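Each remark here refers to the structure printed beneath this line.
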Amino acid sequence: IRSAITAITLNDGRKLLVFADSMASIFAVDPDSLEVVWQEAARLYETSVITGSISYYNDRLFVPVSSYEVAVSGSPTHVCCKSHGGVIALDAASGARLWEWHGTADATVQGQNSAGMDLYGPSGVSVWSTPAIDAKRNRIYIGTAENLSHPATDTSDAVVALDMDSGELI
């Protein structure tokens with residue numbers, strides 16, 4: 001288990017324990033039988049990981065997504081950097097993906113490093129922490145991490161507000 005365990009009660013009264021593993025898979029488990037009710041991959045990239053806890057509100061889960069590419073981004077032999085963080089909203093009863101918010105646009109070649117390796121960007125903007133719920137405004141708030149490569153983005157090192165229904169940047 002990589003994240004904290006989130007105990008939820010669905011609108012129909014069913015209870016679930018929700019958590020992520022180190023490979024960014026989300027599990028919903030029956031708290032009485034400990035049987036897996038559903039499992040869903042929450043990856044944006046092969047390097048996606050979940051480090052923050054999963055938030056719950058009104059039968060929806062909000063999953064913060066980061067990347068372990070940050071651990072190798074400074075290596076001169078690594079083709080840096082193609083991944084970015086974001087948030088994935090899931091239906092809490094089924095695990096179905098409702099929407100995704102990506103911290104940056106898809107990375108494109110920006111140049112080469114001193115070792116002649118391609119440099120991609122923008123990248124980074126991991127979401128390491130737990131999304132905060134603002135039910136009154138129908139928003140979630142997240143804190144984002146640094147860019148791993150150029151160009152810099154307005155969504156890095158920031159507090160970001162997203163619409164809970166669509167994932168649209170507020």
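The values are calculated or read from the model by the stated rules, or taken from the named source; none is laboratory data. Computed from a prediction, not measured in an experiment: that's the story for all the values here. All Cβ positions, even for glycine, are placed from backbone atoms using ideal geometry, and neighbour counts span all protein chains on display. For the accessible areas, the whole protein counts, side chains as well, though only heavy atoms, and no ligand, DNA or RNA atoms are used. Shrake-Rupley method; radii C 1.70, N 1.55, O 1.52, S 1.80 Å.
Sorted largest first, the principal axis extents computed over the alpha-carbon atoms of the stretch 1-66 equal 35, 23, 16 Å.
Computed extension gain for A158 through A115, at 0.36 nm per residue and net of the alpha carbon distance, reaches 12.3 nm. Taking the Cα centre of the stretch 1-67 as origin and assigning +1 to Lys and Arg Cβ atoms and -1 to Asp and Glu Cβ atoms, the resulting dipole is close to 200 debye.
Compute the Cα gyration tensor for the stretch 95-170, then decide on rounded, prolate or oblate, letting a ≥ b ≥ c be the square roots of its eigenvalues: rounded whenever a/c is under 1.5, prolate when a/b is larger than b/c in the other cases, and oblate in all that remain.
Here the stretch 95-170 falls in the prolate category.
Overall, the stretch 82-155 carries a charge dipole of about 240 debye about its Cα centre when +1 sits on the Cβ of Lys and Arg and -1 on the Cβ of Asp and Glu, all other atoms neutral.
Kirkwood analysis of the stretch 13-153, using all unique Cα-Cα pairs, places the hydrodynamic radius at 15.9 Å.
Ordered from highest to lowest accessible area with the whole protein assembly present and a 1.4 Å probe, E100, E168 read as E168, E100. Per-residue SASA remark: R97, around 80 Å² accessible (1.4 Å probe; ligands, DNA and RNA not included). Ordered from highest to lowest accessible area with the whole protein assembly present and a 1.4 Å probe, F62, F27 read as F27, F62.
Our note on the geometry: Cα centres of the stretch 1-62 and the stretch 109-151, 23 Å apart. Using a probe of 1.4 Å, the accessible surface attributed to M117 totals some 60 Å² when neighbouring protein chains are kept in position.
Measuring nothing but how far apart in sequence close Cα pairs (under 8 Å, 6+ apart) lie, relative to its length, the stretch 1-142 scores a relative contact order of 19 percent. Label reach from S22 (point 7 Å along Cα→C-beta): in the stretch 38-75, amide nitrogens under 18 Å belong to 42-43, 46-53, 66-72. Given a 1.4 Å probe and the protein chains as shown, Y68 ends up with an accessible area of around 120 Å².
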